[in-house]
Amino acid sequence: MKQITLVTILAAAAIALPLVIGENPYITGILISVLMMAALSSAWNILGGYAGQYSFGHAAYFGAGAYTTMILLTNYSTLNPLICIAVGIIVASIIALITGSIVFRLRGHYFGLASIAVAEIVRLSVLNFDFTGGAQGILLSDVSLWGLDLNSKNPFYYGMLLVLVVTLGITAYLRTSKTGYYLQAIREDQDAASSLGINLSFYKNKSLLISAALTSVLGSLYGLYIRFIDTSAVLDLRLSIEIILTAIIGGVGTLWGPVVGAFLLVPLAEMLRSNLLGDALIKAGLVSETSALGIFLKENLAHAHVLVYGIITVLCILYLPKGILGLFRRAK
């Protein structure tokens, strides 16, 4: 009952938030990034957190949704974007089924390396095909949906929020379902799960299919949001790593862990990129602007978000193996 009340309050606050902050594109853009990363990490968590299959290739499914939607709308401008998103789900699902039939024969770090290889094959294929725009990418002109102003950020905020809610709902259902228990058994000991009659290949592929479909929807929304994509934006290995780090830092294998990780890491990365953190230290008088440290912060802090991710990840692995959410539970 308490969880239902908490979820209701959070949902109401999230729905009302754009009305509270008003027309502020910068803050709305950050919130969209937070919701997207929370949903991406939650979708990955179904496969990596509950089934224990650490995939480093989820950018392939994100890119499949983005490229499918953009290619269709570029060639058929009157097509309903929702149809394009549905086609993107189909394309990502086909890639997931082909990938699963190959890489799930492997375990451990061999599986991780194979998932990277699959993502790189997809990236290089897209990079060398003419209909995908190659290295130039795809630029999308104006598109409409039910009369909504898609030049505004608010429709994409609510779109990302809806996908996050759906992803969390699916995750919550899986946790207490037969499939969820089978996935957790596979995560703990695959040989023992197999000896109990659990079909490892079927349930691994099932979790991958769900995860890939949700990731594809987010890729489609992202393509519609920024109107321009290329391989470095939607198929880069760094995206897959950020998705995994968000889940690990928040609490892998938990319902709210990816959400907590996204609300911590995305604003932190934005503060570093825009040098807000360095400026705040200087304005507070903690660091002199003309000192060696102040100059270093102004020149280098904007490029240090990946380094900070790495430091936080190492600290979490050493001292918080169950993530930030695990720390809250332990304190409780």
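No value in this document is a laboratory result; all are computed from the given coordinates. Note that the structure is a prediction, hence the values are computed from the model and not measured. So basically every Cβ, Gly included, is an ideal-geometry build from the backbone, and we count neighbours across all protein chains shown.
One table, with the values for the structure above:
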{"read-out": "Nearest-0.05 FRET efficiency for I21 and S291, computed from C-beta distance (R0 51 Å)", "value": "0.90"}
{"read-out": "Packing-based ranking, highest mean first, of 208-217, 103-112, 227-236, 37-46 given that Cβ atoms within 10 Å are counted", "value": "37-46, 208-217, 227-236, 103-112"}
{"read-out": "Axial C-alpha extent at least 18 Å, average Kyte-Doolittle at least 0.0 - helices from the chain (DSSP)", "value": "2-21, 25-45, 59-75, 81-103, 108-128, 154-175, 200-226, 237-250, 257-273, 305-319"}
{"read-out": "Distance from segment 105-129 to segment 152-212 (C-alpha centre basis), Å", "value": "21"}
{"read-out": "For segment 123-219, size of Cβ-based charge dipole, Lys and Arg +1, Asp and Glu -1, in debye", "value": "240"}
{"read-out": "Computed [θ] at 222 nm, helices only, for the chain once each DSSP H run of length n ≥ 4 contributes -39500 (n - 2.57)", "value": "-24000 deg cm²/dmol"}
{"read-out": "Stretch gain in nm, segment R105-L196, where the contour uses 0.36 nm per residue and the Cα spacing is subtracted", "value": "30.9 nm"}
{"read-out": "Value in Å of the Kirkwood radius, where the chain supplies the Cα pairs that are averaged", "value": "20.9"}
{"read-out": "Count, lysine Cα pairs under 18 Å in the chain, 8 or more residues apart or across chains", "value": "5"}
{"read-out": "Extension gain (nm, one decimal) between L162 and I94, 0.36 nm per residue minus Cα-Cα", "value": "22.1 nm"}
{"read-out": "Packing-based ranking, highest mean first, of 251-258, 192-199 given that Cβ atoms within 10 Å are counted", "value": "251-258, 192-199"}
{"read-out": "Length-normalised contact order of the chain in % [C-alpha pairs under 8 Å, at least 6 apart]", "value": "29"}
{"read-out": "Segment 7-76 - convex hull of the alpha-carbon atoms, volume per residue in Å³", "value": "139"}
